[in-house]
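*Asks:* Attaching a single structure in structure tokens format; questions to follow.
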Amino acid sequence: MTLNGRTYHPGQANNFYIVPAVGLAAYAARPRRITDECFIVVARASADQIGPDLRAKGMLFPGQDNILETETTTATRVAEFMFDEGLAQVERPRDIRAWIERHLHKPQY
């Protein structure tokens with residue numbers, strides 16, 4: 001969409017960035033509940049991955065070219081939050097990122 005001479009590229013925030021990251025963190029951390037704050041953390045974690053080049057294009061979310069890296073980084077942040085807030089029902093691992101990566105689904109046919 002172009003508005004006032006600037007082009008904006010739509011994104012699928014909930015379906016493509018937010019829900020998969022919260023789902024992966026929840027699958028791994030087994031939180032007692034998923035709070036509103038978890039969604040705020042995941043939104044910020046996604047936004048923090050936007051480079052200046054994408055911001056200049058009006059993007060609100062990271063590019064889709066490396067979505068697995070984006071989701072892993074985002075899920076790691078929300079899992080850290082779950083541990084910090086005492087929501088997780090599993091023992092906190094030393095390396096949360098590596099632990100999240102071990103929980104990724106890897107389809108093999």
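The values are calculated or read from the model by the stated rules, or taken from the named source; none is laboratory data. Because the structure is predicted, anything quoted here is derived from the model rather than measured. Note that each Cβ is placed from the backbone with ideal geometry, even for glycine, and that neighbours are counted across all protein chains shown. What goes into the accessible areas is simple: the full protein's heavy atoms, side chains included, and nothing from ligands, DNA or RNA. Shrake-Rupley method; radii C 1.70, N 1.55, O 1.52, S 1.80 Å.
*Asks:* Mind checking which residues of segment 85-96 are touching a residue at least 40 places away in the same chain (Cβ under 8 Å) and either open to solvent by less than 80 Å² (accessible area, probe 1.4 Å) or of a type in the set (Gly, Ala, Ser) (or both)? So that I can check it myself, show each step before the final result.
*Replies:* Step one: list which residues in segment 85-96 are touching a residue at least 40 places away in the same chain (Cβ under 8 Å), which gives 85, 87-90.
Answer for segment 85-96, where residues must be touching a residue at least 40 places away in the same chain (Cβ under 8 Å) and either open to solvent by less than 80 Å² (accessible area, probe 1.4 Å) or of a type in the set (Gly, Ala, Ser) (or both): 87, 88, 90.
*Asks:* Turning to a different aspect of this structure: Is there any pair linking a residue in segment 57-84 that is closer than 14 Å to residue 95 by Cβ to one that is assigned to a helix (DSSP H, G or I) and of a type in the set (Ser, Thr, Tyr), with Cβ under 7 Å and at least six apart or on different chains, and which?
*Replies:* Going by the 7 Å Cβ cut-off, there are no qualifying pairs.
*Asks:* Could you pull out the residue among 109, 27 that is open to solvent by 80 Å² or more (accessible area, probe 1.4 Å), out of contact with any Gly (no Cβ under 7 Å at 6 or more places or on another chain) and in contact (Cβ under 8 Å) with a residue 40 or more places away in the chain? So that I can check it myself, show each step before the final result.
*Replies:* On the way: 109 fails: in contact (Cβ under 8 Å) with a residue 40 or more places away in the chain.
On inspection, the qualifying residue turns out to be 27.
*Asks:* Checking the conditions here, which among 17, 8 is over 20 Å from residue 105 (Cβ atoms) and either touching a Pro at 6+ places or on another chain (Cβ under 8 Å) or at pLDDT below 90 (or both)? Full working, then the answer.
*Replies:* Numbers: 17 fails: over 20 Å from residue 105 (Cβ atoms).
Within the list 17, 8, the selection yields 8.
*Asks:* Filter segment 73-89 down to the residues that are in contact with a helix residue (DSSP H, G or I) (Cβ under 6 Å, 6 or more places away or on another chain) and not charged (D, E, K, R), then identify the one that is farthest from residue 21 (Cα to Cα).
*Replies:* Filtering segment 73-89 down to residues in contact with a helix residue (DSSP H, G or I) (Cβ under 6 Å, 6 or more places away or on another chain) leaves 74-82, 88.
Restricting the remaining residues to those that are not charged (D, E, K, R) gives 74-76, 78-79, 81-82, 88.
Details: 74: 6, 75: 4, 76: 8, 78: 8, 79: 9, 81: 13, 82: 13, 88: 15 Å.
Per the stated criteria, the residue is 88.
*Asks:* To continue, here is another question. Quickly run through segment 30-42 and pick out the residues that are surrounded by fewer than 19 Cβ atoms within 10 Å (Cβ to Cβ) and either among the hydroxyl-bearing types (Ser, Thr, Tyr) or part of a helix (DSSP H, G or I) (or both). Outline the logic, then answer.
*Replies:* Residues of segment 30-42 surrounded by fewer than 19 Cβ atoms within 10 Å (Cβ to Cβ): 30, 32-37, 39-40.
Of everything in segment 30-42, those that are surrounded by fewer than 19 Cβ atoms within 10 Å (Cβ to Cβ) and either among the hydroxyl-bearing types (Ser, Thr, Tyr) or part of a helix (DSSP H, G or I) (or both) turn out to be 35, 36, 37, 39, 40.
*Asks:* Name the residue, out of 77, 97, 92, 55, that is over 14 Å from the mean Cα position of the chain (by Cα) and outside any loop (DSSP other than H, G, I, E, B). Working first, answer last.
*Replies:* Details: 77 fails: over 14 Å from the mean Cα position of the chain (by Cα); 97 fails: over 14 Å from the mean Cα position of the chain (by Cα); 92 fails: outside any loop (DSSP other than H, G, I, E, B).
After ruling out the rest, the residue left standing is 55.
*Asks:* Which numbered condition trips up residue 64, out of (1) out of contact with any His (no Cβ under 9 Å at 6 or more places or on another chain); (2) of a type outside the set (Val, Ile, Thr); (3) surrounded by fewer than 16 Cβ atoms within 10 Å (Cβ to Cβ); (4) not in a loop (DSSP other than H, G, I, E, B)?
*Replies:* Status for residue 64: all satisfied but (4).
*Asks:* Tell me yes or no: at least one residue of segment 49-56 is touching a residue at least 12 places away in the same chain (Cβ under 8 Å), open to solvent by 100 Å² or more (accessible area, probe 1.4 Å) and farther than 24 Å from residue 83 by Cβ.
*Replies:* no
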